[in-house]
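The values are calculated or read from the model by the stated rules, or taken from the named source; none is laboratory data. The shown structure was predicted, so the numbers you read here are calculated from the model rather than taken from an experiment. Methodologically, a virtual Cβ is constructed for each residue, glycine included, from the backbone with ideal geometry; neighbour enumeration extends over all protein chains shown. Protein only, heavy atoms only, side chains kept; ligands, DNA and RNA dropped before computing areas. Shrake-Rupley method; radii C 1.70, N 1.55, O 1.52, S 1.80 Å.
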Amino acid sequence: MATELQCPDSMPCHNQQVNSASTPSPEQLRPGDPILDHAGGNRASRAKVILLTGHAHSSLPAELDSEACGGSSLNSEGNSGSGDSSSYDAPAGNSFLEDCELSRQIGAQLKLLPMNDQIRELQTIIRDKTASRGDFMFSADRLIRLVVEEGLNQLPYKECMVTTPTGYKYEGVKFEKGNCGVSIMRSGEAMEQGLRDCCRSIRIGKILIQSDEETQRAKVYYAKFPPDIYRRKVLLMYPILSTGNTVIEAVKVLIEHGVQPSVIILLSLFSTPHGAKSIIQEFPEITILTTEVHPVAPTHFGQKYFGTD
């Protein structure tokens, strides 16, 4: 099993661009230096900008704070229990080199959506304990759609030629067939509609995993997949990554059904450093796509989304 990530006391509230080239070691980095990464995604012909983000306060000087190593690129697990949404901000600490080390250890398998004010507002509403359920669901669905769209961008495609109504030949692309979704019940089911909105006829499997009351270990209770899932790319959906244990068990079930970790893309909304690192240490070939890496995940997500809080 994966070793526990010794998560720093703070995650930076600053972003730094990462593009495709060589990655210097944390010791060689200076504030403002770009971190270069070979991730590439499925657009091998162009460098892909990656941001590693954490939105807690940093003790770096103000003139360096916005340039320090912070946002990554690419996929949260949480139990559906309640979380104290008033405590997202971790204590201040010297986290620059620690976060660069986290980025180095996890590497290109962790991808984050590029941060902007729209995404930050959606994250804020989801974390706000005073937000109404209507506002919460509306914001969650919007954020889910953004993650799903970027998840689809990680799938393989091929070039094609089409003819426009004016007779013009247009060189474009189309996604290759053989993809499916798998939701980890029940919070993962909140992401199913977002996937169907983008892929009308996509097949979606389900896994039910709950913690054993006595041992507190994740236990698989139900799994139903398309019969040919071993041939497909899998978009695994789970919005909140806290410890990573539930996702690890889900991936083990997929492997038992013939799915290789290299074709699994985990779609999540929020992740802790420990959760992301645990999953990638257990399955180094898996890809995680998320919007934020922060020590405190909004583990109330499932209960509030489905109205059982």
Within the stretch 110-128, the residues that are modelled with pLDDT under 95 and buried (at least 22 other Cβ atoms within 10 Å of the Cβ) are Leu110, Lys111, Leu112, Leu113
Per the filter on the stretch 196-211, residues under 25 Å from His274 (Cβ atoms) and open to solvent by 40 Å² or more (accessible area, probe 1.4 Å) are Leu208, Gln210, Ser211
Every listed condition ((1) open to solvent by 80 Å² or more (accessible area, probe 1.4 Å); (2) over 13 Å from Met237 (Cα atoms); (3) touching a helix residue (DSSP H, G or I) at 6+ places or on another chain (Cβ under 7 Å)) holds for Arg145 save (2)
When the stretch 163-195 is checked residue by residue, the ones that are closer than 28 Å to Leu269 by Cβ, open to solvent by less than 30 Å² (accessible area, probe 1.4 Å) and of a type outside the set (S, T, N, Q) are Gly178, Cys180, Gly181, Val182, Ile184, Gly188, Ala190, Met191, Glu192, Gly194, Leu195
Check: Can you find a residue in the stretch 245-259 that is buried (at least 23 other Cβ atoms within 10 Å of the Cβ), hydroxyl-bearing (Ser, Thr, Tyr), under 28 Å from Arg142 (Cβ atoms) and in contact with a Ser or Thr (Cβ under 7 Å, 6 or more places away or on another chain)?
Finding: no
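Each row is one residue, and each column tells you yes or no for (1) touching a strand residue (DSSP E or B) at 6+ places or on another chain (Cβ under 6 Å); (2) open to solvent by less than 10 Å² (accessible area, probe 1.4 Å).
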{"position": "Lys224", "(1), (2)": "yes, no"}
{"position": "Pro239", "(1), (2)": "no, yes"}
{"position": "Ile264", "(1), (2)": "yes, yes"}
{"position": "Ser268", "(1), (2)": "yes, yes"}
{"position": "Lys277", "(1), (2)": "no, no"}
If you go through Glu213, Glu192, the only one that is part of a helix (DSSP H, G or I) and not β-branched (Val, Ile, Thr) is Glu192
